[in-house]
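Presented below is the structure to which this report refers.
Just so it is clear, none of the values below were taken in a lab; they were calculated from the coordinates. Computed from a predicted structure; not experimentally measured. Note that each Cβ is placed from the backbone with ideal geometry, even for glycine, and that neighbours are counted across all protein chains shown.
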Amino acid sequence: MQDIVCTVVENMAIAKDTYHMSLMGSFTESLRPGQFINVSIDGQYLRRPVSIFNVRHNVIEIIYKVVGVGTDILSKKTQGDTLDTLVGLGNGYDLSKSGDHPLLIGGGVGVPPLYLLAKELLKEHKTVSVVLGFNSKDDVFYAERFKDLGCADVTVTTVDGSVGIKGFVTDALPENYTYVYTCGPEPMLKAVYKAMKTSGQFSFEERMGCGFGACMGCSCKTITGYKRICKEGPVLTKEEILWDD
Amino acid sequence: MQDIVCTVVENMAIAKDTYHMSLMGSFTESLRPGQFINVSIDGQYLRRPVSIFNVRHNVIEIIYKVVGVGTDILSKKTQGDTLDTLVGLGNGYDLSKSGDHPLLIGGGVGVPPLYLLAKELLKEHKTVSVVLGFNSKDDVFYAERFKDLGCADVTVTTVDGSVGIKGFVTDALPENYTYVYTCGPEPMLKAVYKAMKTSGQFSFEERMGCGFGACMGCSCKTITGYKRICKEGPVLTKEEILWDD
Amino acid sequence: MGRLSVTLCGIEIDNPIIPASGTFGFGYEFAELYDINCLGTFSFKGTTKDPRFGNETPRIAEAPAGMLNAVGLQNPGVDKVISEELPKLKEVFHKPVMANVSGFSIDDYVTTCEKLDKEPQVGWLEINISCPNVHGGGMSFGTDPNAAAEVIRAVKKVTTKPVIAKLSPNVTDIVSIAKACEEAGADAISLINTLLGMRINLKTRKPLLANTTGGLSGPAVFPVAVRCVWQVSHAVSIPVIGMGGVSSAEDVLEMLMAGATAVEVGAANLVDPYACPKIIEALPGAMDKLGIQNLSEL
Amino acid sequence: MGRLSVTLCGIEIDNPIIPASGTFGFGYEFAELYDINCLGTFSFKGTTKDPRFGNETPRIAEAPAGMLNAVGLQNPGVDKVISEELPKLKEVFHKPVMANVSGFSIDDYVTTCEKLDKEPQVGWLEINISCPNVHGGGMSFGTDPNAAAEVIRAVKKVTTKPVIAKLSPNVTDIVSIAKACEEAGADAISLINTLLGMRINLKTRKPLLANTTGGLSGPAVFPVAVRCVWQVSHAVSIPVIGMGGVSSAEDVLEMLMAGATAVEVGAANLVDPYACPKIIEALPGAMDKLGIQNLSEL
């Protein structure tokens, strides 16, 4: 973990209430797909955790949705503004389990961390299949960027069918894959958990106090004991997940 | 009273911890010498009252001393920054009482409101004498600007004698004058009260909640009843003052 | 009935926005700025049997996301309020006003309420048993269920107007006090008064306020206020007026969702004199976003 | 003795800065970021007789100038704290640590303290009788002078280490509880624990926290904390540890001027992991400005 004052390079709307922000800073740690950053926002006491979409040189790219006061303030930042940011938080995805043909399943703002993951898996010459689910056409973003990376196939689903396959991500899963990496809202994760035919890794979201393991604000129960989403997570393996209900 | 978003035109240090700020805005009310503005400062809950140093066209000039967190934030504002400001607060000085030869006595950050007052009195062809007291050379500001206005005589005193007459303002009062206008720290006001040979008007300072008469935070007792420093004040006549002790 | 209107103890008000006592004087300062008839009503400056100057200054201090005050119930006394303030108010405010009453003995409260009861301008009597800034009265009535009930019972005997008990959060069990007031006949509960706080002047190493301690208000206390409103509104069957740090239309909705029937706005008026009309104007838009048709449904 | 050093119950500490329980885990997360031996000491995660998961999530909510938490004393239980956490801590922290103890019965407190008493790493036992986020224990001991005294008396019998009673501000009269603890043998008082608060999710119209209510901490509560420290330190003759919203060197000085001997820093650690070393570094400069030679003179 590093505490860095980042400079906003770009902050643009890319879908309904959805923004793509690039932050420049002197990161010394190498950042892994599935990790997140924790951004201090003026006027808000708690930082806001946001997953990493992409990393290039000294720039971290994030994609976030405006869901409240904090993200609304974030959406108004412009080039040159600075943000105090904790970077390199969480465990991230373990790429070594992917097999030859990993399947990446993202829903809504769960899509972004899969982009850096796809990039890294493609570097290792894996065949990457991608299924991205959104509510509606206005919410869809960046499916084409996954194609541009070189993913073998990229399928988009929308709940209302306004673009891509009508339905949920689980209505569009391919036949063959060796492993699943997924990130999205909990109902989607549960559906994927039931539908998937291999093992896999799930990235979870939770309200956090600190983001670095100090406050126990984001604990969850797993088969292998209590875990902090911010520290031992946000990525859990299918085998350790213990659903609430 | 008007609530206006002002733009900072200039904000420069002019003496030790002392700043001169010019604020541009669309003021429709005419502002009187001795009135003050109440400035909203980011990160602070309460506004900060500051007396008016000068008014020209659509610019209000203020002079303030950094005494705490709020004024420290204010001192860091730069050209183009905006400040939500309530303008035209308080009663201000009554010029009609001045006679031909008013004496203006200011101490430290009590000096600024006397500048606009001198300007207005001179417009009415009065002979204006000025005595300005400071702690030390580093604290002195703008004595020459009173001379430039055309004041008949401007005397500076410093407690340590590093410039001007060594001592307090009361050690440098002229022989002849028709009326006194004064502003400064309470011990100075008390000393002036005792030393002056005519009637006069005193401008008081107090911690305020609202600045416009709503909260009763700055009340004081006078011979003519309870007064709010922000509303019936900050200027009281010599005859109505009731000293605490 | 409009989208914003609610009924408070049988009196319909156009909206639930009520400037809180001590932050709105007797209304004139604000009437110079905007038409105060846009308000649901307002609670006027805490009135006592006799005139009071209140505490020495400084009475005000800055706090993180809030302020401390120790005004100490400065007011001209009930007789002058009736003879001077109410007639002046009549010219600028044409709705029932909420009379806020403080006292140092049961008799004080009774005398003041008896007099205000005769004023047709007064719609409600808000009985302040929670002022933290006066000694030998005020808050001491509001920290004990029996003493609180005694005040309410005595006041109820001398008025037919709805009686609202204004409670302090500086207690171990606010629910027990609210219930005692309900049993004693209170028609509504308003809460919270300020939290007892203090600041020190680092240069003098002495308390910033002449009164040593003062009442904390502003956004800082909002979560405490929401909690108190929730607890009390789930425990009593009379209406609850929520207050404490309310500064936006969203805060108002949060208070109503916590169980409040109406909302008082305090410190916000002092830092933004237009706070209340801004909130009233913003409410319909905030309701639209959340799918709320009428406030009365919350 | 350095400029910053103070003595807390007979143990000299290099400076009065003590990360508060529940915001610093068992120290490792911070030891990865800086040498935690720069601290006066720290109060480790509230420990109970048996392991606890705590409350369901969400456990955290935003508040104006602060946050709400309802973690509910998640901890591995005293046996694992002794067998696993303390040996790991020994490698990164070489000073006496403050053990924070919670319980749901007098026996719970006694059993846990008895075990921690035998650990040479433990310098002080901080007895939490003020946790607002657990039911049937915790805060209920801290809201009644007799119950508070009973816990302290029982704990004092099984330890020779200094016992610090950590008090809740959610009471009518904190002084009476502090005095009861002093009479029961407490060696120091620490305060304040969090203020009971609540937030509501406007979209779901339900409480944001799974536990409904939570504890408010952060700068918002600072004036309440200063007031409690002032009141208690003027009423007891044992040392007082001040906490509640402390975020800067100036806040530390204000707490010491209010009567505190040392200061715990809580929520600030969560939003700025370097908060404590920054405060320690800033203290000498802040003292110079105010003409304070040594903290022990305050």
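Some notes on this structure:
- For the range C:131-274, alpha-carbon Rg and Dmax in angstrom: 15.9, 53
- The value of relative contact order for chain C, using C-alpha pairs under 8 Å at least six residues apart, is 20 percent.
- Helix B:112-123 and the longest principal axis of the C-alpha atoms of chain B enclose an angle of approximately 70°.
- The A:Lys166 and A:Val59 beta-carbon pair, evaluated with R₀ = 41 Å, returns a calculated FRET efficiency of approximately 0.65.
- Farthest toward positive dipole pole in chain A [+1 Lys/Arg, -1 Asp/Glu at C-beta], among A:Ala143, A:Cys183, A:Gly233: A:Gly233
- For A:Gly167, inter-copy label distances in nm, listed shortest first [label point 7 Å out on the Cα-Cβ vector]: 9.8
- Mean residue ellipticity (222 nm) of chain C, computed from DSSP H runs ≥ 4 via -39,500 (n - 2.57), nearest 500: -8500 deg cm²/dmol
- Computed from Cα atoms, the angle from the helix A:186-195 axis to the main principal axis of chain A rounds to 30 degrees.
- Shape of the range C:205-298 from the C-alpha gyration tensor: oblate (a/c of 1.5 or more and a/b not above b/c, with a ≥ b ≥ c the square roots of its eigenvalues).
- Shape call, the range C:29-178: gyration tensor on alpha carbons, a/c limit 1.5: oblate
- Equivalent ellipsoid, the range B:95-240 (semi-axes from 5 times Cα gyration tensor eigenvalues, Å): 25, 18, 14
- Semi-axis lengths, largest first, of the ellipsoid equivalent to chain B are 26, 21, 18 Å, with √(5λ) applied to each eigenvalue of the Cα gyration tensor.
- Listed by chain and number, the lysines whose C-alpha is less than 16 Å from the C-alpha of B:Lys166, apart from same-chain residues fewer than 8 away, are B:Lys137.
- Copies compared at C:Val92 - label distances in nm, ascending, label defined 7 Å from Cα in the Cβ direction: 6.1
- Evaluating kT/(6 pi eta Rh) at 25 °C and 0.890 mPa s, with the Kirkwood radius of the range D:52-123 over Cα pairs in the Stokes-Einstein relation, gives 174 µm² s⁻¹.
- Rough spin-label spacing in nm, given labels placed 7 Å along Cα→Cβ, for A:Ser26 and A:Asp42: 2.4
- Considering helices alone, the calculated mean residue ellipticity of chain A at 222 nm is -4000 deg cm²/dmol, with DSSP H runs of length four and up weighted by -39500 (n - 2.57) and normalised per residue.
- Whole-number percent relative contact order across chain B, with pairs defined as alpha carbons under 8 Å at least 6 apart: 18
- DSSP H segments from chain D that extend 18 Å or more along their own axis, Cα-based, with Kyte-Doolittle mean of 0.5 or above: none
- With a 10 Å cut-off around each Cβ of B:39-48, the average count of Cβ atoms from other chains is 5.
- Förster-model FRET efficiency, 41 Å R0, A:Lys76 and D:Lys289, C-beta, rounded to 0.05: 0.70
- With a cut-off of 13 Å between beta carbons, the residues surrounding A:Ala143 carry a summed charge of -1, where Lys and Arg count +1 and Asp and Glu -1.
- 3J(HN,Hα) along the range B:76-85, derived from phi through the Karplus expression 6.51 cos²θ - 1.76 cosθ + 1.60 where θ = phi - 60°, amounts to 9, 5, 10, 3, x, 5, 10, 9, 6, 9 Hz, with x in place of Gly and Pro.
- Each of C:Phe93, C:Phe141, C:Phe53 was scored by other Cβ atoms within 10 Å of its Cβ. Listed from fewest to most, they are C:Phe53, C:Phe93, C:Phe141.
- Restricting the calculation to Cα atoms, every distinct pair contributes to the Kirkwood radius of the range D:142-208, found to be 13.3 Å.
- Rounded to the nearest 20, the Cβ-based charge dipole of the range A:2-89 about its Cα centre (Lys and Arg +1, Asp and Glu -1) stands at 220 debye.
- Among the GluC sites (Glu not before Pro) within the range B:154-217, those in coil by DSSP and having at most 13 neighbouring Cβ atoms inside 10 Å are B:Glu175.
- log10 of Debye I(q)/I(0), alpha-carbon scatterers only, for the range B:64-165 at 0.14 Å⁻¹: -0.67
- Trypsin sites (Lys or Arg not before Pro) restricted to DSSP loop in the range D:130-216 with at most 14 other C-beta within 10 Å: D:Lys157, D:Lys203
- Computed FRET value (nearest 0.05) for D:Thr7 with A:Ser136, which takes r as the C-beta separation and R₀ as 51 Å: 0.20
- Loop-resident sites, the range A:81-156, for GluC sites (Glu not before Pro), counting at most 12 other Cβ within 10 Å (DSSP): A:Glu124
- Other protein chain Cβ atoms within 10 Å, averaged over every residue that makes up B:133-141: 0
- Here the range B:1-154 is assigned +1 on the Cβ of each Lys and Arg and -1 on the Cβ of each Asp and Glu. Its dipole about the Cα centre then comes out at about 120 debye.
- As a rough guide to protection, the peptides D:37-50, A:26-39 ranked by mean Cβ packing within 10 Å, highest first, stand as D:37-50, A:26-39.
- Counting only the Cα atoms, chain C fills a convex hull of 119 Å³ per residue.
- Take each peptide in D:216-227, A:72-83, B:188-199, count the other Cβ atoms within 10 Å of every residue, and average; sorted highest first, the result is D:216-227, B:188-199, A:72-83.
- Percent breakdown of C-alpha pair distances by 5 Å bin, ordered from the shortest bin, for the range A:2-89: 3, 15, 29, 30, 17, 6, 1
- For peptide C:195-208, the mean count of partner chain Cβ atoms within 10 Å of a residue's Cβ comes to 6.
- With only the Cα atoms considered, the protein assembly as shown has a convex hull volume of 176 Å³ per residue.
- Charged-residue dipole, Cβ positions (Lys, Arg, Asp, Glu), the range C:47-150 about Cα centre, Debye nearest 20: 280
- All other residues whose Cβ lies under 12 angstrom from that of C:Leu68 are scored, Lys and Arg at +1 and Asp and Glu at -1, for a net of +3.
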